[in-house]
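What follows is a single structure, written as C-alpha cells, with notes after it.
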Amino acid sequence: MNRHIKAVFFDLDGTLVDTAPDLGAAANRIRQSAGLPPLPLIDYRPVASSGARGLLGKALGITPEHVDFPRHRDALLGHYRAHLADHSTLFKGMAELLRYIEQHNMRWGVVTNKPAWLTRPLIRALALDQSAACVVSADEVGQPKPAPDSLLLGCALSSIAPQDCLYVGDDVRDIVAGRAAGMITVAAAWGYIGNTPLHTWGADLIFDTPSDLQYWLESR
C-alpha cells in the first residue's frame, strides 16, 4: 500500500455528509401522511445509505415490490428534494480533512449512488461544488456501485489513475466498487454502516473518524 495518493474520493451519504437528519425527516413525513407517529432519527441512520428502499422499509415496512411503493417513493423524494440541506452537514473533522487534502496537492471528489438531481443541489447548498475535482452520480454511468463505473468516471474527470486514489465509503458496495476499480479502499466507521459487519467488507483500511484518515495521510 505504498502508493502515492493523489486523490481521495468519497461516497456522499454517511461518508462525506451526514444527510440522515433530512432523509429521516422526509421519511417521517410519509409516516405522518399515513397517520403514523414519527420515528427517532437513530432508527433511520442504519438505512440512510440505502435510499428510498431502506427509508420506506423502516418507515412503513414495505419493499419495492409493494403496490404502493412507487407512490410513497415519489412522495418521499419530493419532500427530501425540497429540504435537501435543512440539517445536513459535513461530518465532524471532514472540513479539516478536505482542507488538508487541498493544501497538500491532492484532489478530492464525490462518487455516489444518489441521482444527480439530488446530488448536485446538495453539493451546491453545502458550498462544495467549487472545490470538488469531480461529482459523479449513479445515473451518469452505465451501472451504479457496486460496479466500478462511477469511480472510473471520477478518475477520468480528475485525470488521475485509479491506483493513485483512495475511495472512502460507509457501505460494503463502496468497498466492492473501489476494489473493482483498483483503488485503495477505506471503510468509514463513522458512517451509517448498515447490518453487514464492517470487518467483513474487505476494506484495505478502516477509520473511526475523518481525523483518523487525515492522520494516516499525514503519516505517509
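The single residue among THR185, THR196, THR200, THR209 that is within 16 Å of the chain's Cα centre (by Cα) and open to solvent by 40 Å² or more (accessible area, probe 1.4 Å) turns out to be THR209. Select from the stretch 103-113 the residues that are closer than 23 Å to PRO144 by Cα and either assigned to a helix (DSSP H, G or I) or not aromatic (Phe, Trp, Tyr) (or both) and write down the one among them that is nearest to the chain's Cα centre (by Cα). Among residues in the stretch 103-113 that are closer than 23 Å to PRO144 by Cα and either assigned to a helix (DSSP H, G or I) or not aromatic (Phe, Trp, Tyr) (or both), the one nearest to the chain's Cα centre (by Cα) is THR112.
Scanning the stretch 44-64 for residues that are farther than 13 Å from ASP22 by Cα, crowded, with 16+ Cβ neighbours inside 10 Å and not aliphatic (A, V, I, L, M) turns up PRO46, SER50, GLY54, GLY57, LYS58. Entry remark, the stretch 142-152: residues being in contact (Cβ under 8 Å) with a residue 12 or more places away in the chain, crowded, with 19+ Cβ neighbours inside 10 Å and more than 14 Å from the chain's Cα centre (by Cα) number 2 in total.
A quick yes/no check of all residues on (1) among the β-branched types (Val, Ile, Thr); (2) open to solvent by 30 Å² or more (accessible area, probe 1.4 Å); (3) part of a helix (DSSP H, G or I):
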{"position": "LEU98", "(1), (2), (3)": "no, no, yes"}
{"position": "ILE101", "(1), (2), (3)": "yes, no, yes"}
{"position": "ARG124", "(1), (2), (3)": "no, yes, yes"}
{"position": "SER131", "(1), (2), (3)": "no, yes, no"}
{"position": "ASP139", "(1), (2), (3)": "no, yes, yes"}
{"position": "CYS155", "(1), (2), (3)": "no, no, yes"}
{"position": "TYR167", "(1), (2), (3)": "no, no, no"}
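Please specify each residue of the stretch 33-43 satisfying the condition of being surrounded by 14 or more Cβ atoms within 10 Å (Cβ to Cβ) and hydrophobic (A, V, I, L, M, F, W, C). Selection gives LEU39, LEU41. Scanning the stretch 122-140 for residues that are of a type outside the set (A, V, I, L, M) and free of Cβ contacts under 8 Å to residues at least 40 places away in the same chain returns ARG124, ASP129, GLN130, SER131, SER137, ASP139, GLU140.
Which of the residues spanning the stretch 65-86 are touching a residue at least 12 places away in the same chain (Cβ under 8 Å), open to solvent by 60 Å² or more (accessible area, probe 1.4 Å) and not in a helix (DSSP H, G or I)?
Result: HIS83, ASP86.
If the Cβ limit is 9 Å and pairs must be 6+ apart or interchain, which residue in the stretch 17-32 that is among the polar types (S, T, N, Q) and in a helix (DSSP H, G or I) pairs with which residue that is open to solvent by less than 10 Å² (accessible area, probe 1.4 Å) and modelled with pLDDT of 95 or more? Final answer for the pair search is ASN28/TYR44; ASN28/ALA59.
Checking every residue in the stretch 5-25 against the condition of being more than 30 Å from ARG179 (Cβ to Cβ) and open to solvent by less than 10 Å² (accessible area, probe 1.4 Å) gives at least one match. In this structure, ARG173 qualifies as touching a residue at least 60 places away in the same chain (Cβ under 8 Å), outside any loop (DSSP other than H, G, I, E, B) and open to solvent by 30 Å² or more (accessible area, probe 1.4 Å).
Here are some residues: ALA188, ALA181, ALA161, ALA177. Which one is more than 19 Å from ARG107 (Cα to Cα) and of a type in the set (Gly, Ala, Ser)?
ALA177
The values are calculated or read from the model by the stated rules, or taken from the named source; none is laboratory data. Keep in mind that what you see is a predicted model, and the values were worked out from it rather than measured. Virtual Cβ from ideal backbone geometry, glycine too; neighbours counted across all protein chains shown. What goes into the accessible areas is simple: the full protein's heavy atoms, side chains included, and nothing from ligands, DNA or RNA. Shrake-Rupley method; radii C 1.70, N 1.55, O 1.52, S 1.80 Å.
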